[in-house]
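Engineer: After the structure tokens below, expect a handful of questions from me.
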Amino acid sequence: MKSMFRSLALLSRLTYLRYTLLGELFTNRRFVVGFTIFIGLVLFSYIGSLYAYPDPWDISIYVGSTICAYEYRYLPPSLGHPLGTDQGCRDIFTWLVVGLKNSLYIAVIAAMISTTIATILGLIAGYRGGLLDDIINFLANFLMVIPMFIVLLMLVSYIPPEARTSLLVAIVIGITSWPGPARVVRSMVMQHRSADYIDIAKLTNFSTIEIILKEILPNVASYIFLIYINSFSQAIFAEVGIGALGYGPWDAVTLGRTFNNIIGGGLIFVGAWWSFTTVGLVVVMLSYSLLLVNLGLQHVFNPRLKLTYYAV
Amino acid sequence: MGFQIKHPFARYVIRKAMTYTILWFLATFINFLLPRIMPGDPIRRFIERVYTMGQAPSGGVTQVIPEFEKYMKEVERIFGLDQPPILQFPTWFTNFLHGDWGFSVSYMNLPPVKDLVLQALPYTLTLLLPSLAVSWVVGNYLGAYLALKGGKADKVGLSVLQFIAQLPTYWLLIIFLFIFYVKLRWVPPTGRPSFMIPSLTWEYIRELLKCMALPLTTLTTVGIGGWSIGMRAYVIYQLNSDYIKYSKSLGLPQRVLGRYAFRNALIPQFTAFAINFGGMFSGNLLVEMIYGYPGMGALLATVMSNLDVFAMQAIFTFTATMLLIANFVADIIYGILDPRIRRGIIEVMT
């Protein structure tokens, strides 16, 4: 590991790669480790689904019928079932792999929605100021006072089960998680608002929208990227949380639902440690890798934070 | 405005109080409106469940009671549910303030929601208050130690703490449950102190402590991670500030500088403690549900799974109220601890 970093650093020094943004990123230890783990997990979900059974609900391939036979319940790990089976004869490895893939999809959409809302509101509030800013700031503060997980759970539980699709869950996660990011974008925009280049843009008759899109947005783009990654890991946590409680999407197997299945199926008391340890480890590795990526990016994009590197 | 409040701190407190009152009204109203615009009728579901004995007849509930729709109309008229939600709100709000929180349709005997909350709240507080207090104190000292020590210990410690803070509490609980119940049998399998009437006898307390051991350990472990990371960042921020640099140039010893930084870094931690104290009243849903601990989280999970809108409204409004009060207290504490606000040197908006 250490020699790998040393050779990477040497390579970057030789090729002057070090002085580009990407070079600096890939010599950052935190970023490299986090990025590797994350890519590894994504690959695991795609390569694993080749090995797994095609349908997480279909047990007839290895049981022989659709009715779960007693001797196929709570199977220990074997070549056919790397993580064993649960109380309904379902293959846990398939559930893990498919769940990881679906959870990543949900998190991508949810993070996209929340980042978009946060960017738009943050840009408007930060650049225009005045009453609009007061209203948006008040709303964001209000929503940040209340723990978002409870609000999310409230919204999701009010939706009837039949209507709870993965897209809808992603949208609900997205629209409940914009306040924090919006405040960050707003404060970043406010730092740029009174800069000289904005005054020049105003003098050259740029319209407000042009100034926001052409002058301010490129300058805060790196922060928006950071916010996206942070929202992504928050969304995964949110989905696993509501899914484990049984309020996840009903049309897809997700990591949260796999957890719910493990808790509800009594796999803990049967002693099937391989199942819950692995599923939990995947969630932990996912969020930890994203944290490392975020810290690495912060280190490169915002060197002022070098001393503290705040926990995200 | 004819009069002006002279004292800056009084002005600060009054402005905060006004903001939070508006927020509270808003939160209560949204909480009331939301279930009413969502599809699904909890009363209908409850009556169906009672009359069909939990089984769904093929022809629906009208097969058992032919005049069901007529009865439903009557029920809605008696309780005023046929009116638009805006007109229902004042009635519900005054009832809520008078302690009438409605009935829970999750249970067949329709218990008052207030009784359910009063039963669950002591359990949640006895679990979460010690865990919050211990993790706050330990986390603060650990974070400050790492920040002041620096170097290798800081780097390794921070990585470990970041990993711990990322752990989902429910997963840690599951692993502890597996080790300490399934393998070692040191703790009971469920957090509900069974076959005992809650009392202050020694036997009951011992039973409760046994039941609390696992969730308490879990929440404290994860809590220490979060608190110490925050404290470390605050102490480092203080160490880089001008007054510390000035004191250093005067030749004050490192020990004294550390004490200065620690005391100032504690201010945001105090307010965060107050906010977390308010968040405590909703319990920890997943931990309590998995371990069957009879607190607010488990109550909320039960109530939600039955689409019990009346109980949900009351509980959410209660927890939001506690949160807003805690935030208000946190702002007051911040104002008292920070002399710049206390003496009106800086004005804080909203």
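Engineer: Loop sites only, by DSSP: take the chymotrypsin sites (Phe, Trp or Tyr not before Pro) in chain B that have at most 10 other C-beta atoms within 10 Å and name the longest stretch containing none of them.
Structural biologist: Answer - B:4-194.
Engineer: Under a plain spin-label model, where a point goes 7 Å from the Cα along Cα-to-Cβ, how far apart in nm are A:Val42 and A:Thr116?
Structural biologist: Output for this residue pair reads 2.0 nm.
Engineer: Continuing with the same structure: Shape of the range A:3-161 from its Cα gyration tensor (a ≥ b ≥ c, root eigenvalues): rounded if a/c is under 1.5, otherwise prolate when a/b > b/c, or oblate?
Structural biologist: Oblate shape, in that a/c is at least 1.5 and b/c is the bigger or equal ratio.
Engineer: Okay, next question. Chymotrypsin sites (Phe, Trp or Tyr not before Pro) within the range A:30-100: which are DSSP loop residues with at most 16 other Cβ atoms inside 10 Å?
Structural biologist: When the chymotrypsin sites (Phe, Trp or Tyr not before Pro) of the range A:30-100 are filtered for loop state and at most 16 Cβ neighbours within 10 Å, A:Trp57 remain.
Engineer: Taking every pair of distinct Cα atoms and averaging 1/r, then inverting, what Kirkwood hydrodynamic radius in Å comes out for chain B? Write down the numbers at each step before the final one.
Structural biologist: On the way: mean 1/r = 0.0416 Å⁻¹.
Here the Kirkwood hydrodynamic radius works out to 24.1 Å.
Engineer: Compute the FRET efficiency between B:Leu200 and B:Ile325 as 1/(1 + (r/R0)^6), taking r as their Cβ-Cβ distance and R0 = 30 Å, and round to the nearest 0.05. Kindly include the intermediate steps, with their values, before the conclusion.
Structural biologist: Details: r = 28 Å, r/R0 = 0.93.
Computed FRET efficiency for B:Leu200 and B:Ile325 comes out at 0.60.
Engineer: What longest region of chain B stays clear of GluC sites (Glu not before Pro) that DSSP places outside H, G, I, E and B and that have at most 13 other Cβ atoms within 10 Å?
Structural biologist: Excluding the exposed sites themselves, the longest stretch runs over B:68-346.
Engineer: Which aspartates and glutamates, on any chain, are close to B:Lys114 with Cα under 20 Å apart, when same-chain ones fewer than 8 places away are left out?
Structural biologist: Here the aspartates and glutamates satisfying the reach criterion relative to B:Lys114 are B:Asp100, B:Glu288, B:Asp308.
Engineer: Size of the dipole of chain B about the Cα centre, Lys and Arg at +1 and Asp and Glu at -1 on the beta carbon, nothing else charged, in debye to 20?
Structural biologist: Computed about the Cα centre, the dipole is about 1740 debye.
Engineer: A follow-up question, please. For B:Gln254, put the label point 7 Å out on the Cα→Cβ axis and report which residues of the range B:132-155 keep their amide N under 20 Å from it.
Structural biologist: Inside the label zone: B:141-155.
Engineer: If you bin every alpha carbon distance in the range A:168-312 into 10 Å steps from zero, what whole percent lands in each bin?
Structural biologist: 10, 28, 26, 19, 10, 5, 2, 0
Engineer: Evaluate 2.2 N^0.38 Å with N set to the residue count of chain A, then give the Cα radius of gyration divided by it.
Structural biologist: It is 1.18.
Engineer: Right, here's the next one. From the C-alpha coordinates alone, can you work out the Kirkwood hydrodynamic radius of the range B:74-174, in Å?
Structural biologist: Computed over Cα pairs of the range B:74-174, the Kirkwood hydrodynamic radius comes out at 18.7 Å.
Engineer: Suppose R0 equals 35 Å. What FRET efficiency, 1/(1 + (r/R0)^6) with r the Cβ-Cβ distance, do A:Leu132 and A:Ser222 give to the nearest 0.05? Don't skip to the answer; put the middle values down first.
Structural biologist: Values: r = 25 Å, r/R0 = 0.72.
So the FRET efficiency works out to roughly 0.90.
Engineer: By count of other Cβ within 10 Å, fewest leading, how are B:His98, A:His81 ordered?
Structural biologist: B:His98, A:His81
Engineer: Here is a follow-up. Tell me, what ³J(HN,Hα) does each residue in the range B:142-150 have, in order and in whole Hz, if you take phi through Karplus 6.51 cos²θ - 1.76 cosθ + 1.60 with θ = phi - 60° and put x for Gly and Pro?
Structural biologist: 5, x, 5, 4, 4, 5, 6, 6, x
Engineer: Still on this structure, please answer the following. Could you tell me how many cubic angstrom of Cα convex hull volume the protein assembly as shown has per residue?
Structural biologist: Values: hull volume 154.3 nm³, N = 662.
Roughly 233 Å³ of hull volume per residue.
Engineer: Tell me the relative contact order for the range B:145-298 as a rounded percent, counting alpha carbon contacts under 8 Å between residues six or more apart. List each step's numbers first, then the result.
Structural biologist: Details: 130 pairs, mean separation 43.8, N = 154.
Relative CO of the range B:145-298 lands at 28 percent.
Engineer: Give the Kirkwood hydrodynamic radius (Å, one decimal) of the range B:220-350, defined as one over the mean of 1/r across all pairs of different Cα atoms.
Structural biologist: It is 17.7 Å.
Engineer: Using alpha carbons only, how many angstrom separate the centre of the range A:252-296 from the centre of the range A:71-105?
Structural biologist: 12 Å
Every number here is computed from the coordinates shown, using simple stated rules; none is lab data. Values in this document were obtained by computation on a predicted structure and should not be read as measured data. Because the Cβ atoms are built from the backbone with ideal geometry, glycine has one as well, and the counts that use them run over all protein chains shown.
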